[in-house]
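Each reported figure results from applying straightforward, stated rules to the coordinates on display, with no laboratory input. Fair warning: this is a prediction, and the values are worked out from it, not measured in the lab. A quick note on method: Cβ atoms are made from the backbone with ideal geometry, for glycine too, and the neighbour counts reach across all protein chains shown.
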Amino acid sequence: MFKIYASSRMLRTLPLRKAVDRVAEAGYHGVEVWYEHFEESLDEGLERFIQEHPLSVILHGPGGDVNLASNNTGIRRESLLQYHHALELAERVGASYVVAHPGRRSSRTDPPEIFHQPMLDSLRSLAGKAAELGITLALEIMEKKEKELIVDPDSMNSILDSLGDGPVGVCFDVCHAFVNGDLLDQIRNTRNIVHFHLSDAAPGAYHLGLGEGSLDFQAIGRLMNEISPNLTVTVEGRMRDDEWSLVARNAARFKEMGWL
């Protein structure tokens with residue numbers, strides 16, 4: 001059955017050591033550590049703590065201000081530098097995947113076509129580094145927003161074709177897909193999915209706790225099982241106050257579904 005991870009971002013107010021221990025306490029198989037969470041919590045021995053912890057590890061690459069497709073050369077260079085560091089960190093702590101946001105337009109007024117070549121150049125560089133280190137790069141299909149470039153199966157499949165052979169797969173976020181259109185059709189039409197991000201959603205409300213929205217996780221699970229019964233799955237979610245409650249409730253829901 002699937003290997004279930006929790007995103008460290010759900011416990012982002014805690015130092016990373018405490019967040020990882022809380023994820024283990026809830027009964028998850030692994031933790032997806034956000035790069036920023038690691039950097040903010042950095043102390044002597046943290047890498048060894050993650051490496052030696054019983055939980056399996058996936059690393060989510062830099063988000064926020066970085067942009068692998070930026071038309072500002074300095075920003076694109078720094079973004080690529082941080083992603084290279086994330087891949088090296090993943091290798092040191094024993095992470096199986098690095099999740100990557102593929103890049104977006106610098107401005108909503110810019111034509112999208114001018115960003116494709118810079119994005120591809122960045123992703124080829126990362127794919128080469130991933131191959132050297134024995135890490136799989138999981139490119140995430142993003143939510144349909146004004147600046148995003150890769151928001152549907154066709155655009156992601158095109159990226160995979162352009163990158164060719166190599167350790168590159170797809171991270172499929174069900175909430176992004178819910179916003180983008182027919183969720184189940186998007187799963188069927190996306191090639192080489194290696195990792196899923198799960199959270200619940202309803203019209204106008206995204207990244208909810210499991211069971212708090214309208215997504216049919218039994219139907220989603222059947223399609224996931226057709227892809228591979230050994231997929232890795234990270235649950236995400238947002239809660240301003242009681243973050244631990246969300247982590248625990250999601251774990252309880254997975255157990256009810258027989259996934260954990």
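Treat each spin label as a single point 7 Å out from the Cα along the C-beta direction, and report the Asn230 to Lys18 distance in nm.
Simple spin-label model gives 3.7 nm for this pair.
So for the pair Leu55, Asp242, with labels modelled 7 Å out along Cα→Cβ, what separation do we get in nm?
Between Leu55 and Asp242, the simple spin-label model gives 2.0 nm.
Order of Ser199, Ser162 from fewest to most other C-beta atoms within 10 Å?
Ser162, Ser199
Express the relative contact order of the chain as a whole percentage, based on alpha carbon pairs under 8 Å and six or more residues apart in sequence. Working shown, then result.
Details: 481 pairs, mean separation 51.9, N = 260.
Worked out over the chain, it gives 20 percent.
Given 10 °C and 1.306 mPa s, how large is the Stokes-Einstein diffusion coefficient of segment 1-134 in µm²/s, with Rh as the Kirkwood radius over Cα pairs?
Values: Rh = 15.7 Å.
Once the numbers are plugged in, D ends up at 101 µm²/s.
Which whole-percent values make up P(r) of segment 136-260 when all C-alpha to C-alpha distances are grouped in 5 Å steps starting at zero?
2, 10, 21, 23, 20, 13, 7, 3, 0
Full extension from Met257 to Ile75: what is 0.36 nm times the residue separation minus their Cα-Cα distance, to one decimal in nm?
Answer, rounded to one decimal: 61.2 nm.
Compute the distance in nm between two label points, each set 7 Å from the Cα along the Cα-to-Cβ direction, one at Glu88 and one at Ala205.
Here the modelled spin labels are 4.4 nm apart.
Amide H of Glu236: which non-local residues (sequence gap of 5 or more, or other chain) have their own amide H closer than 5 Å, using H built in the peptide plane?
Here Leu198, Ser199 satisfy the definition.
May I ask what percent, to the nearest 5, of DSSP beta bridges between residues of the chain are antiparallel?
10
For segment 3-257, list log₁₀ I(q)/I(0) at each q in 0.12 Å⁻¹, using the Debye formula over Cα point scatterers of equal strength and ignoring solvent, two decimals each.
Each listed q maps to, in turn, -0.68.
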